[in-house]
1. Just to be sure I understand, how many residues within region 126-162 are farther than 21 Å from Gly74 by Cβ and either open to solvent by less than 10 Å² (accessible area, probe 1.4 Å) or part of a helix (DSSP H, G or I) (or both)?
2. Filter region 247-287 for residues that are at pLDDT 85 or above, part of a helix (DSSP H, G or I) and within 14 Å of Ile144 (Cα to Cα) and give the result.
3. Please work out if Val208 is modelled with pLDDT of 95 or more and not assigned by TED's automatic domain parsing to the domain that holds Ala241.
4. Output the number of residues of region 94-112 satisfying the condition of being small (Gly, Ala, Ser) and open to solvent by less than 20 Å² (accessible area, probe 1.4 Å).
5. Within the set of pairs 6+ apart or on separate chains, which have a first residue in region 162-173 that is over 12 Å from Pro237 (Cβ atoms), a second that is of a type in the set (Val, Ile, Thr), and C-beta atoms under 6 Å apart?
6. Take the conditions touching a strand residue (DSSP E or B) at 6+ places or on another chain (Cβ under 6 Å), more than 13 Å from the ligand (Cβ to nearest atom) and either in the same structural domain as Val288 (by TED's automatic domain parsing) or open to solvent by less than 20 Å² (accessible area, probe 1.4 Å) (or both) and apply them to Ile63. Does it pass?
7. Checking Ile103 against (1) within 11 Å of the ligand (Cβ to nearest atom); (2) within 17 Å of the chain's Cα centre (by Cα); (3) hydrophobic (A, V, I, L, M, F, W, C); (4) not in a strand (DSSP E or B): exactly one of these is not met. Which one?
8. Is it the case that some residue within region 47-56 is without any contact (Cβ under 8 Å) to a residue 12 or more places away in the chain, over 19 Å from the mean Cα position of the chain (by Cα), within 14 Å of the ligand (Cβ to nearest atom) and open to solvent by less than 60 Å² (accessible area, probe 1.4 Å)?
Amino acid sequence: MNVLVTGVTGFVGDRLVPALRSAGHDVSALVRNTDAYVPRDGVTVFQGDVLEPETLEGVLADIDAAYYLIHAMGGGAGFEERDRQGARNFAEAADAAGVDRIIYLSGLGVDGEDLSAHLRSRREIEEVLGEGEYDLTVLRAAIIIGDGSASFQIIRQLSSQLPVMITPRWVSTRVQPIAISDVIAYLVGILDVPETAGETYQIGGPDVLTYRDILVETGQILTGRKPIIVPVPILTPRLSAYWVDLVTNVPAGVAYPLIDGMATDVVVTDDRLESLVPVDRTPFEIAVRRALEERDSD
Ligand SMILES: NC(=O)c1ccc[n+]([C@@H]2O[C@H](COP(=O)([O-])OP(=O)(O)OC[C@H]3O[C@@H](n4cnc5c(N)ncnc54)[C@H](OP(=O)(O)O)[C@@H]3O)[C@@H](O)[C@H]2O)c1
């Protein structure tokens, strides 16, 4: 199949490209800054920015399926509007080129008023991409465990640096993290299952944990001792983000939307994809150990 991957300089896209090549697909990559991307063997690179629709002309010609893995959050405030506009431009370009399928990796969490601005924006992109003529497949995931994931970076740095942590109430909310290798297996696997076209699925690892469990287990793996967590109900997500900014190298502008999303449960409530794309899911502890090994080998 001819496949285009966007977001290839990002955490997920960078890993998806070699997996698609190994599965026998012809892969093209869309990159904003070609100097920042060293293409893998056999990958065709296109320079393009979804906020500049004229740069998308010709990129999607002959493409059967495109992966939309773009996220403007790294660019700071106003990411909602940039993400909305970028998705709209991409959907129009895909329609004009006659692309059959788009696959989008979104965020897990129950729709409703409690959904954070970040998760609401991820959901809005589902709607924007859903307006195209092609079949859209959406996979919704909670925190992805792997080296380079912004949310895992916060957890790793907090649990390794602080023996005692003051945290907001959200340490008790439930989350179903997933290993990056499992996310990649689902993203590649759905291409071979035609009935997944046009559907929305939830994906998660085998363990449902609280953020407290995640911080404690990661701290134990990293330092050999369990950090002490002290929840403080009055600590707001914004204050926590400033604190994360001080203690880790994740900027407050990235930390705030992620921390804000930690107030609501993010667990899989619909496991239909498991029977369609069987994946031997990675336990949380192994996913963390692999992420740390990958980091050490860099
Ligand atoms: N990481 C997680 O834990 C997690 C969890 C659930 C869902 N997801 C979803 O997975 C997807 C990918 O996330 P990620 O963690 O891989 O994100 P990421 O590491 O922040 O990568 C974002 C990518 O988007 C590209 N991009 C941003 N603006 C662009 C534009 N205007 N035109 C073209 N490319 C642009 C960036 O390219 P530059 O290098 O040029 O900036 C980068 O390659 C997102 O949809 C996210 O919501 C991630």
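The values are calculated or read from the model by the stated rules, or taken from the named source; none is laboratory data. Computed from a predicted structure; not experimentally measured. Heads up, the Cβs are rebuilt from the backbone with ideal geometry, glycines too, and the neighbour counts pull from every protein chain shown. Just so you know, the surface numbers come from the protein's heavy atoms only, side chains and all, with ligands and any DNA or RNA stripped out. Shrake-Rupley method; radii C 1.70, N 1.55, O 1.52, S 1.80 Å.
1. Going through region 126-162 one residue at a time, the tally reaches 7.
2. Phe284, Glu285, Ile286, Ala287
3. Judged against the criteria, Val208 is not a match.
4. Qualifying residue count, region 94-112: 4.
5. Sorted first by the residue in region 162-173, then by its partner, the pairs are Val164/Ile228; Met165/Ile229; Ile166/Val230; Ile166/Val232; Val171/Ile229; Ser172/Thr210.
6. It is true that Ile63 is touching a strand residue (DSSP E or B) at 6+ places or on another chain (Cβ under 6 Å), more than 13 Å from the ligand (Cβ to nearest atom) and either in the same structural domain as Val288 (by TED's automatic domain parsing) or open to solvent by less than 20 Å² (accessible area, probe 1.4 Å) (or both).
7. Result: Ile103 fails condition (4) only.
8. Yes, the conditions are met somewhere in region 47-56.
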